[in-house]
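Student: Next up is a structure, given as C-alpha cells.
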Amino acid sequence: MARTLAVHESHDIDMKSDDVFARTLPVPLTTIFSQWYGPIPPVAEVREQQGQWGTPGQTRVVVFKGTGAMKETLTSVDPPRSFAYTITGITGPLGLLVGKAEGEWFFTPFGCTNEETQVTWQWTIHAASALTAPLLPLLGAVWRGYARQALKSLETELRHR
C-alpha cells in the first residue's frame with residue numbers, strides 16, 4: 001500500500017490571477033479555514049509568524065480549534081503563478097494519520113482576456129506509518145471537501161477585501 005497520496009481541488013474566481021495571487025498569500029488562515037469540515041477542525045490561531053506571510057523559509061505554527069497544531073514552512077513563492085509549503089510536526093488527531101504534507105497553490109489565468117483565475121490547491125499527504133497508510137484514501141476524500149469549502153471561503157474573502 002502506498003504511503004503517500006496526492007489530492008487537489010480547483011475553483012474558478014472571476015478576478016485577474018495577479019490580484020488573486022497577491023491577495024491570497026497574506027490572507028489570514030482563520031478567515032478561510034473558519035469552519036469545521038467533518039473531522040477537520042477550523043484554524044483557531046496562527047503563532048510564531050514573523051511579518052507578512054510571503055518569503056520562502058518563513059515558518060509559522062497553525063493551531064486548530066480544540067486540539068492539534070502543525071508547523072508550516074513556506075518553501076517557494078513564484079508570483080503570480082504559485083506558492084508552496086511543507087507541513088510537519090502535526091499533533092492532535094490529524095497527526096495520528098499524517099506524518100507530513102507538501103502543499104501548493106496554483107493560479108492559472110483563463111477566459112478570453114485572462115480576466116478569470118483557476119485556483120488549484122494540492123496536497124501530497126505522507127502517512128504517519130504503514131498502519132495508517134490504508135486510511136489515506138478516506139482522508140483524501142475528506143480533504144477534497146475541506147478544500148472546496150476553503151476555496152469558496154477564499155473567493156468570498158477576496159470579493160470583500
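Please treat every number below as a calculation from the coordinates, not as lab data. Predicted model, so just to flag it, every value in this text is computed and none were measured. Every residue, glycine among them, receives a Cβ derived from its backbone with ideal geometry; neighbour counts consider all protein chains shown.
Student: Run the simple label-point estimate for Ala2 and His160 please: 7 Å along Cα→C-beta, distance reported in nm.
Tutor: Rounded to a tenth, the inter-label distance reads 3.7 nm.
Student: Now for a separate question. Using amide H atoms built in the peptide plane, which far-off residues or other-chain residues are under 5 Å from Glu116 H to H?
Tutor: For Glu116, whose amide H was placed from the backbone, the distant partners under 5 Å are Phe110.
Student: If you don't mind, another one. Grab the beta carbon distance between Ala141 and Glu48, set R0 = 35 Å, and tell me the FRET efficiency rounded to 0.05.
Tutor: So, using R0 = 35 Å, E works out to roughly 0.65.
Student: Quick one: which residues, 5 or more positions from Ala128 or on another chain, have an amide H under 5 Å from its amide H? H modelled 1.01 Å from N in the peptide plane, none for Pro or chain starts.
Tutor: For Ala128, whose amide H was placed from the backbone, the distant partners under 5 Å are Val98, Gly99.
Student: Which of these values of Cα extents along the principal axes in Å was calculated from the structure shown: (1) 46, 39, 27; (2) 67, 43, 29; (3) 49, 34, 27?
Tutor: Label of the calculated value: (3).
Student: Continuing with the same structure: Along the range 50-58, what does the Karplus equation 6.51 cos²θ - 1.76 cosθ + 1.60 (θ = phi - 60°) give for ³J(HN,Hα), rounded to whole Hz, x for Gly and Pro?
Tutor: 9, x, 6, 5, x, 10, x, x, 5
Student: Hey, another quick one. Any idea what angle helix 136-160 forms with the longest principal axis of the chain, computed on alpha-carbon atoms, 0 to 90 degrees, nearest 10?
Tutor: 30
Student: Rounded to the nearest Å, what's the spacing between the alpha carbon centres of the range 1-73 and the range 95-157? Just the number, please.
Tutor: So the two Cα centres are separated by 10 Å.
Student: Could I ask something else about it? In straight Cα distance, which aspartates and glutamates are under 18 Å from Lys65, not counting same-chain residues fewer than 8 positions off?
Tutor: Filter leaves Glu45, Glu48.
Student: Excluding Tyr85 itself, calculate the net charge of residues whose Cβ lies under 9 Å from the Cβ of Tyr85, where each Lys or Arg counts +1 and each Asp or Glu counts -1.
Tutor: -3
Student: How long is the gain from Lys152 to Thr88 if the chain were fully straight, where each residue apart is worth 0.36 nm and the alpha carbon distance is subtracted?
Tutor: 20.5 nm is the gain from fully extending Lys152 to Thr88.
Student: Quick one: Karplus J couplings for the range 11-20, per residue in order, coefficients 6.51, -1.76, 1.60, θ = phi - 60°, nearest Hz, x for Gly and Pro?
Tutor: Values, residue by residue: 8, 8, 10, 7, 8, 5, 4, 4, 5, 4 Hz.
Student: To continue, here is another question. Remind me, relative contact order of the chain in percent, using alpha carbon pairs under 8 angstrom and six or more residues apart?
Tutor: Worked out over the chain, it gives 31 percent.
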